[in-house]
Each structure stands twice: as C-alpha cells, then as structure tokens.
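Here's the structure, in structure tokens; my notes come after.
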Amino acid sequence: MTGFLVRRLGGAVLVLFALTAILYGIFYVAPGDVAQIACGPRCSPAQVAQVTEQLRLNDPLYVQYGHFLQGIVAGRDFSTGTGVEHCSAPCLGVSYQSDQQVTQLILAKLPVTGSLVIGAFAGWLLLGVGTGVLSAWRRGRLTERVLTWLTLAGAATPVFVIGLLLIIVFCSTLQWLPAPSYVPFAEDPEQWAWGLLLPWVSLALIESAKYARLTRSAMLETLAEDHVRTFRAYGVGERAIIGRHALRGAVAPVIALSALDFGTMFGGAVLTESLFGIPGIGRELVHAVKVVDLPVVVGMVLVTGFFVVLANALADVLYALADRRVVLS
C-alpha cells in the first residue's frame, strides 16, 4: 500500500507541474503584451514600460516561469511602484484589477463553492445510485421504464432551466422557501442550509441522471454473471444479491466518475452560481475572464485542476481499499 500511495502521489505532482506549465504558456505567453493587458488600454507607453519592469517581463521566458513556480512553492515579492509587497506561498500572483493577492481572493470564495459542491455531491450520489439500484432491481417493469424516462429528461435538461423552475415554483408561487442566497455557515447554519437548498437540488437533479444510468448498467452486467446465478440457485435472497454483490460491481465506475465531477465542479458550477447569485469561484472566474484579469484566471483554473487531481488521487486510494488487486497494478 505504501508503494502504491507513493506512485500515485508522484503522478499527481507531475500532473500539477505539467498543468502549471500549460496554463502559464496559454495565458501569459499566447495573449501578447501582458504589460498592456495589466496596465489597461489607456496607459501611456511610459506606464506600460513601468508595469513591464514591475512584472519582470523583460526576463527570459524560463526565468519568468521560474518566478511563477517560486511563488507557488516559497512565495515571492512584487514591486508596486512605491514599494515591495510580499506574497506568501502558495502565491498565484496579484490581481490586475483589485491589486489583491489571488490566493486571498480564492480563499475567500472557496468556502462558498465548497458548500455548494459538497451538498450537491451528496445529493447526486444518493439520488443517482439509489435510482440506478432500483432500476436494475425492477428491470423490465413499469418502475424501470419510468425511472429511465426521468433520468433521460434530467440528463437533457440544462441546469438553468431546472433552477428557474425551482425558483418560480418554490420561491415565487408557493413561497415555501426564501430566495437563494449564501450565508456563512458560522453565522447561521440554518439560513446557510435554506439558502443553498435550491442550488443543491438543481445540481443534484442534473448530475444524478448519469450516475443512475451508470449504476444501472454496471449492476445489470454483474447480475448476469455466473456467480450471481449460482447464488440464486443456492437460494440467496434477491436483496442480499443486490446489496452484497451487484452493488459492489458498480462501485468502481461510480468512484471514477464522482472523483472527476467533484473536482471539476469547483470551477464548473458557473451557471448555478450565476443563476442563484452565489459569490463562488465559478462566478468570480467569469468576471475575471470578462475583464482579462490573467492572474485570477490562471489561479482559479489551477485550483480547479488541483481539486481534480486530488479527487482522482483519493479515488485511486478508494479503489485500492475496495479491491486489493489494484495496489499491485
């Protein structure tokens, strides 16, 4: 197990290193004059030259990338024109628009998006896996057909459509729920939950559709195997077969998909955050793209990639715990 963990950790570090190189090349090399972007369209040539000096853009490209990596690992200093500002590790740069350190900006948004993702993640796993198990158990019956239609409808419906319908029905028409908003958990746990309930339900309904289909397919494949027929021949109950054997066969693909979805959702819940007015990472990323705030864009994409790599590394560990043969691979 130790060797397995070391290999997975080493692979994760290499992936993150490659991600930083790709992001740096795309956002800092490809756009053109980074100093002009950072300074703004109304800056004079003298001001652009000053920004170029402050950002050390006259250094060779490999030296600039080295400064970027140094900031992530050990922190770095930035010239402000009137002094020097230290950015502690992991330093992802300073925003061109607000002069705020990108790391601090992300840390302020991370609890918001984390609250949204964790709640929705639990919802879509319970709903999706439960629906898939029920569909496989009731194969060929009306229950399976109804659930199949519902999962297809859920997979084909955009999240903003479901979100708008939920707001209209539960907030405007029935007035059962308050308007969605974000209240920090430490301030009021009850209002925190009520404010995020509709965003959780919206994401859970959309994402659970593919988990239901995936679980159903994996379980039906397991139920058709010889050892399951042997269990039935020995009189083992159908519920025991479903719970102890068929569901275990569906664990591996569900773990793989959930790891990818959990990581990407930290930067991919843009529509949900925008629709419900949640000030999270996705919404801030959209704003940074609009104003061409490159350090914020790079930092948030890098953080999203970090969560994807971290979630996949945890998925590998769960694989190993579920099936010891994975450790030897």
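The values are calculated or read from the model by the stated rules, or taken from the named source; none is laboratory data. Because the structure is predicted, anything quoted here is derived from the model rather than measured. As a convention, Cβ positions derive from the backbone with ideal geometry for all residues, glycine included, and neighbour counts pool all protein chains shown. In case anyone asks, the SASA skips ligands and DNA or RNA and just uses the protein heavy atoms, side chains included. Shrake-Rupley method; radii C 1.70, N 1.55, O 1.52, S 1.80 Å.
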(message) If I fit a long axis through the Cα atoms of helix 2-24 and take the longest principal axis of the Cα atoms of the chain, what angle between them do I get, 0 to 90°, rounded to 10?
(response) 50 degrees
(request) Between THR230, THR151, THR103, find the one with the highest GNM mean-square fluctuation for the chain; connect C-alpha pairs within less than 10 Å. (result) THR230
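How much length is gained if the chain between THR157 and HIS86 is pulled fully straight, taking 0.36 nm per residue apart and subtracting their Cα-Cα distance, in nm to one decimal?
Details: separation 71, 0.36 × 71 = 25.56 nm, distance 4.70 nm.
So the chain would gain 20.9 nm between THR157 and HIS86.
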(request) Would you check the accessible area of CYS39, probe 1.4 Å, heavy atoms only, in square angstrom rounded to 10? (result) 40 Å²
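Between SER172 and GLU53, what length comes free when the chain is fully extended (0.36 nm per residue of separation minus the Cα-Cα distance, one decimal in nm)?
Numbers: separation 119, 0.36 × 119 = 42.84 nm, distance 5.45 nm.
Result for the pair: 37.4 nm of gain on full extension.
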(request) Return, in residue-number order, each cysteine of the chain whose C-beta is not under 4.7 Å from any other cysteine's C-beta. (result) CYS171
(request) Kindly provide the helix-only [θ] at 222 nm of the chain, computed as the sum of -39,500 (n - 2.57) over DSSP H runs of four or more divided by all residues, to the nearest 500 deg cm²/dmol? (result) -22500 deg cm²/dmol
(request) Please name which of ALA311, ALA156, LEU5 has its Cα lying farthest along the dipole of the chain towards the positive end, using unit charges on Cβ (Lys, Arg +1; Asp, Glu -1) and the Cα centre as origin. (result) ALA156
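Need one word for the stretch 2-101: rounded, prolate or oblate. Basis is the Cα gyration tensor (sqrt eigenvalues a ≥ b ≥ c); a/c below 1.5 gives rounded, then a/b vs b/c decides.
Details: a/c = 2.87, a/b = 2.01, b/c = 1.43.
It is prolate, given that a/c is not under 1.5 and a/b is the larger ratio.
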(message) Just to verify a number: FRET efficiency for VAL236 and THR148, C-beta to C-beta distance, R0 = 35 Å, to 0.05?
(response) 0.80
(message) Helix 102-137 against the longest principal axis of the chain: what's the angle in degrees, Cα atoms only, rounded to the nearest 10?
(response) 10 degrees
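Once the piece of chain linking ALA122 and LEU220 is laid out straight, how much longer is it, given 0.36 nm per residue of separation minus the C-alpha distance between them? Present the calculation step by step, with values, prior to reporting the outcome.
Numbers: separation 98, 0.36 × 98 = 35.28 nm, distance 2.38 nm.
Between ALA122 and LEU220, full extension yields 32.9 nm more.
Considering only protein heavy atoms, with the full assembly of protein chains and a 1.4 angstrom probe, order LEU150, LEU285 by accessible area, largest first. Display every interim value, and only then the final one.
Numbers: LEU150 110, LEU285 30 Å².
Largest to smallest exposure gives the sequence LEU150, LEU285.
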(request) Round to the nearest 10 and give me the degree value, 0 to 90, for the angle of helix 281-290's Cα axis relative to the longest principal axis of the chain. (result) 40 degrees
(message) Within the chain, what whole-number % of the accessible surface is contributed by carbon and sulfur, with the 1.4 Å probe and all protein chains included in the calculation?
(response) 65 percent
(message) For the chain, set up a GNM with springs between Cα atoms under 10 Å and report which of LEU165, LEU223, LEU142 has the largest fluctuation.
(response) LEU142
(request) Could you state the accessible area per residue of the chain in Å², with a 1.4 Å probe and every protein chain left in place? (result) 53 Å²
